[in-house]
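*Asks:* Let me give you the structure first, and then I'll get to my questions.
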Amino acid sequence: MYKFLAVCGFGVGSSLVLKMSIEKVAKEMGVECEVENTDLSSAKGLNADAIFTSQELGEELKTSTKSPVYPIKRYMDKEEVRNALGEFLS
Amino acid sequence: MLEKYLKENRIQHIHRVESWEEAIKLAASPLLEDGVISQGYIKAMLESVELNGPYIVLKESFALPHAKAGEYVNEVGLSLLVIDEPIDLKGNPVKVFLVLAAVDNSSHLEALSKISELLMNEEVYQKFLAGNLEEIKKILYKGAE
């Protein structure tokens, strides 16, 4: 069971949609995971198997977390999320 | 349940706007009129795009402007604006703006999940892009089928 974080600036809107996309894709791929959505500053203190966030926020997170960070441009784009998840698994 | 948060007067359609800032202001104006948010929320949404980048563009042509939960927000609310001519939001052409006002981390979950499900369905999404408000309201209030 993996633990993933979906991160946006405030942790209430975009990150929730990203969480939905990750859960959908993970289900389709048969990947067991728990996804938590959160804001940028909270994410800095959390550990996860992978963190999914935007390009811009990812740059900021990379310096303050040991977890691998996967940038996603379009949080609702299942294809893009699928590629990122595939990259994490490989 | 969407009619509770995304009331009819909060759904707008316009031919064109001059800037993404104008689009967000216009999209949020019904929430301001209804007392759901105060002016500070609109400013916070605009600043967030400048500060955090355009990740609120969640898919081709669709953006979800929002800011911090509970700051300048009195209750959960959503508002929608469809524009005929795509407007540039930092390199992303956008036609559909859905403004989200949240009071905490959870009370808007059901509404946002529900509308996201609709927008993730390509066939339904095309109807949003087309901008026929009667059609959009039907989908929002009665479901996709």
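*Asks:* Can you tell which of A:Ala84, A:Ala26 is hydrophobic (A, V, I, L, M, F, W, C) and in contact with a Phe, Trp or Tyr (Cβ under 7 Å, 6 or more places away or on another chain)? Show your work before the answer.
*Replies:* On the way: A:Ala26 fails: in contact with a Phe, Trp or Tyr (Cβ under 7 Å, 6 or more places away or on another chain).
Exactly one of A:Ala84, A:Ala26 is hydrophobic (A, V, I, L, M, F, W, C) and in contact with a Phe, Trp or Tyr (Cβ under 7 Å, 6 or more places away or on another chain), namely A:Ala84.
*Asks:* Filter the stretch B:35-74 down to the residues that are touching a Cys at 6+ places or on another chain (Cβ under 8 Å) and surrounded by fewer than 24 Cβ atoms within 10 Å (Cβ to Cβ) and list them by number.
*Replies:* Once the filter is applied, which keeps residues that are touching a Cys at 6+ places or on another chain (Cβ under 8 Å) and surrounded by fewer than 24 Cβ atoms within 10 Å (Cβ to Cβ), the stretch B:35-74 yields only B:Asn52.
*Asks:* Every residue in the stretch B:64-116 that is part of a loop (DSSP other than H, G, I, E, B), within 15 Å of B:Lys4 (Cα to Cα) and either touching a residue at least 40 places away in the same chain (Cβ under 8 Å) or more than 12 Å from every other protein chain (Cβ to nearest Cβ) (or both), please.
*Replies:* Hits for the stretch B:64-116 are B:Asn74, B:Glu75, B:Val76, B:His108.
*Asks:* Consider only pairs whose beta carbons are under 6 Å apart and that are at least six residues apart or on different chains; among these, list those whose first residue lies in the stretch B:14-30 and is within 18 Å of B:Ala101 (Cα to Cα) and whose second residue is part of a helix (DSSP H, G or I) and of a type in the set (A, V, I, L, M, F, W, C).
*Replies:* Final answer for the pair search is B:Glu21/B:Leu46; B:Ile24/B:Met45; B:Lys25/B:Ile42; B:Ala28/B:Ile42.
One line per residue, one yes/no per condition, for (1) at pLDDT 95 or above; (2) in contact with a His (Cβ under 9 Å, 6 or more places away or on another chain); (3) of a type outside the set (Asp, Glu):
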position	(1), (2), (3)
B:Gly70	yes, no, yes
B:Glu75	yes, no, no
B:Glu85	yes, yes, no
B:Leu89	yes, no, yes
B:Pro93	yes, no, yes
B:Val96	yes, no, yes
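*Asks:* If you don't mind, there's one more thing I want to ask. Out of the residues in the stretch B:92-131 that are out of contact with any Gly (no Cβ under 6 Å at 6 or more places or on another chain) and among the β-branched types (Val, Ile, Thr), state the one that is nearest to A:Ser21 (Cα to Cα).
*Replies:* That would be B:Ile115.
*Asks:* If we keep just the residues of the stretch B:54-63 that are under 15 Å from A:Leu16 (Cβ atoms) and assigned to a loop (DSSP other than H, G, I, E, B), which is nearest to the other protein chains (Cβ to nearest Cβ)?
*Replies:* In this case the residue turns out to be B:Tyr55.
*Asks:* While we're on this one: Applying the selection to the stretch A:72-90, what residues are under 18 Å from A:Tyr2 (Cα atoms) and not hydroxyl-bearing (Ser, Thr, Tyr)? Steps first, please.
*Replies:* First, pick out the residues of the stretch A:72-90 that are under 18 Å from A:Tyr2 (Cα atoms): A:81-90.
Passing the criteria: A:Val81, A:Arg82, A:Asn83, A:Ala84, A:Leu85, A:Gly86, A:Glu87, A:Phe88, A:Leu89.
*Asks:* Same structure, new question: Residues to consider are B:Lys138, B:Lys127; find the one that is out of contact with any Leu (no Cβ under 9 Å at 6 or more places or on another chain), more than 10 Å from chain A (Cβ to nearest Cβ), surrounded by 15 or more Cβ atoms within 10 Å (Cβ to Cβ) and part of a helix (DSSP H, G or I).
*Replies:* Values: B:Lys138 fails: surrounded by 15 or more Cβ atoms within 10 Å (Cβ to Cβ).
After ruling out the rest, the residue left standing is B:Lys127.
*Asks:* Would you be able to say whether some residue in the stretch A:11-28 is small (Gly, Ala, Ser), over 24 Å from B:Gly91 (Cα atoms) and touching a residue at least 60 places away in the same chain (Cβ under 8 Å)?
*Replies:* Here is the first cut: in the stretch A:11-28, the ones small (Gly, Ala, Ser) are A:11, A:13-15, A:21, A:26.
From the residues that got through so far, the ones that are over 24 Å from B:Gly91 (Cα atoms) too are A:26.
Those still in the list that are touching a residue at least 60 places away in the same chain (Cβ under 8 Å) too: none.
Taking every residue of the stretch A:11-28 in turn, none turns out to be small (Gly, Ala, Ser), over 24 Å from B:Gly91 (Cα atoms) and touching a residue at least 60 places away in the same chain (Cβ under 8 Å).
The values are calculated or read from the model by the stated rules, or taken from the named source; none is laboratory data. In this text the structure is predicted, and so the values were computed from the model without any measurement. Cβ sites come from the backbone with ideal geometry, for glycine too, and all protein chains shown count toward neighbours.
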